[in-house]
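To start, the structure itself, in structure tokens.
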Number of protein chains: 2
Amino acid sequence: MAKKALILIADGTEEMEFTITYDTLVRAGVECTSANVQSGGSPYGSVGTSPALVVCSRGVKILPDTTLQPLQAGPDKYDALVIPGGLKGAEALSQSTEVQTLVRQYYEGNKIVAMICAGTLAAKTAGLGHQPVTSHPVIQNELTTLYDYREVAVVVSNEVPGKGTLVTSRGPGTAFPFAFKLVELLCGKAKSDEIREPMMFPPGIPYPY
Amino acid sequence: MAKKALILIADGTEEMEFTITYDTLVRAGVECTSANVQSGGSPYGSVGTSPALVVCSRGVKILPDTTLQPLQAGPDKYDALVIPGGLKGAEALSQSTEVQTLVRQYYEGNKIVAMICAGTLAAKTAGLGHQPVTSHPVIQNELTTLYDYREVAVVVSNEVPGKGTLVTSRGPGTAFPFAFKLVELLCGKAKSDEIREPMMFPPGIPYPY
């Protein structure tokens, strides 16, 4: 059965981090659902029965697949929960009590919780325990006393038996390795290798990078 | 005065190539305008007076900034014309007579014409002359007899005095170096270096790559 990922989004989300993750997972056969955590907050309003448009950090306007309905968004429905960065978007996501609850549910439910850039703020606001993480340097000071902070492209933390896997990453420049790591965890290394080839990374790019 | 770029989009456009280019140019201070080349063709219809939503190649739905109005889209209005890939989107863009005319106008007007992935089809349909190009391998056979085809990440062709600069690239995996090259051509190498740093590319990534 196809794996499923729930990717959260809000006004101010970093559009490259969102799009690279969504697109790369879809290429691997993962069913992606994007959910707008805000409802009706966009100046563009909603489109029929669709969720409100999101205005991303550099002005790209994305229509999410749905709104966040916490009762339909739990770890029984999806294999991975993804929280992109973009400072304003990540603040909105990490300050949402619904998102904080979901992060804990996925982590306690032994699923994948993935955060990139300022998205790692949600590990702190959800109260996830001390473990290895990374993030964009802009929020590093908020994390160093609580976590084993590492300055590397992608950190996979799954040392607590029975708990979930926390995957964290640094910014748009690490969004591809972040997405490939999620594919590897959800679908295996062979699938990650398979989808990488037609994306035409130059031969000089180390992989994984 | 700020540089300006017109980025075309249609149903089936590769959302990573579109978003990485748009976002990276905005980070450099380039005023980006995305224009939907199709009008009313989306199953989602239009949003008020806004253009129709675009459904990209892996399902991300983007609302462009405007529709393509050829009389307002010429090389007197923008410094660069960008044509992203995604096979279905690139076919729609390259088969549009309005787009073909714009490509010739920008090229004849000594501006930047940039094409990535299957977007390079538009060089052929617009009738641009023999010069160095690259593309996604999926359309390589359509270009090899007409052009000096090169299998490298980014090709900059500006050998004809008084004509424009044709920048071509290969796919999502080369979208960052493609976007940085456009920043370099529009705003200079120092600006490209400046915006790259906070994007957090790992130290092992060669630059330019």
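Read-outs: derived from the displayed coordinates by stated rules, not from any lab. Because the structure is predicted, anything quoted here is derived from the model rather than measured. With ideal geometry, Cβ positions are generated from the backbone for all residues, glycine too; neighbour counts draw on all protein chains shown.
Scan chain A and note any complete DSSP helix (H) whose C-alpha atoms cover at least 15 Å along its axis and whose Kyte-Doolittle average is 1.6 or more. Intermediate results must be reported in sequence, preceding the final value.
Working: long enough: A:15-27 (18 Å, -0.09); A:97-108 (16 Å, -0.86); A:175-187 (17 Å, 1.62).
What comes out of the filter, once short or polar helices are dropped, is A:175-187.
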Report task. For B:E197 and B:D76, compute 0.36 nm times the residue count separating them, minus their Cα-Cα distance, and round to one decimal in nm. Result -> 40.3 nm
Query raised in the report: Could you give the distance between the Cα centres of the stretch B:134-152 and the stretch B:50-100, to the whole Å?
Result: 22
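Let me know the longest stretch in chain A that avoids all trypsin sites (Lys or Arg not before Pro) found in a DSSP loop with at most 16 other C-beta atoms within 10 Å.
Numbers: sites that count: A:K77, A:R150.
Longest site-free region, per DSSP loop and neighbour criteria: A:1-76.
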Query - Identity and axial distance of the chain A residue whose Cβ lies nearest the axis relating A to B, Å - result: A:T19, 2
Query raised in the report: Comparing A:T125, A:T24, A:T144, which has the greatest mean-square fluctuation in the GNM of chain A with Cα pairs linked when under 10 Å apart?
Result: A:T144
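Please give the calculated 222 nm ellipticity per residue for chain B, where each DSSP H segment of at least 4 residues contributes -39500 (n - 2.57) and the sum is spread over every residue; nearest 500 deg cm²/dmol? Provide the component values of the computation, followed by the final result.
On the way: 6 runs with 61 residues, N = 209.
-8500 deg cm²/dmol, from helical runs alone.
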Query - Extension gain, A:T97 back to A:A2 (0.36 nm per residue minus Cα-Cα distance, nm) - result: 31.3 nm
Query raised in the report: Put a point 7 Å out from Cα along the line to Cβ at B:P198; what are the distances to that point in the other copies, in nm, shortest first?
Result: 3.6
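How large is the dipole of the protein assembly as shown about the Cα centre if only Lys and Arg carry +1 and Asp and Glu carry -1, each at its Cβ, rounded to the nearest 20 debye? Can you show the working numbers first?
Working: 34 positive and 40 negative charges, 10 e Å.
Roughly 40 debye for the protein assembly as shown.
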**Report entry** Beta bridges per DSSP with both ends in chain A, % antiparallel, nearest 5
**Finding:** 25
Query raised in the report: For label points placed 7 Å from Cα toward Cβ, what is the shortest-first list of nm distances from B:M1 to its copies?
Result: 5.9
Query raised in the report: Which residue, B:Y22, B:Y149, B:Y106, has the most motion in a Gaussian network model of chain B that connects Cα atoms within less than 10 Å?
Result: B:Y149
Query raised in the report: Hey, fewest Cβ within 10 Å first, where do A:C117, B:C56 land in order?
Result: B:C56, A:C117
Query raised in the report: Counting only DSSP beta bridges with both residues in the protein assembly as shown, what percent are antiparallel, rounded to the nearest 5?
Result: 30
Query raised in the report: Sorted from shortest, what are the nm distances separating the label point of A:T97 from equivalent points in the other copies, each placed 7 Å from Cα along Cα to C-beta?
Result: 6.1
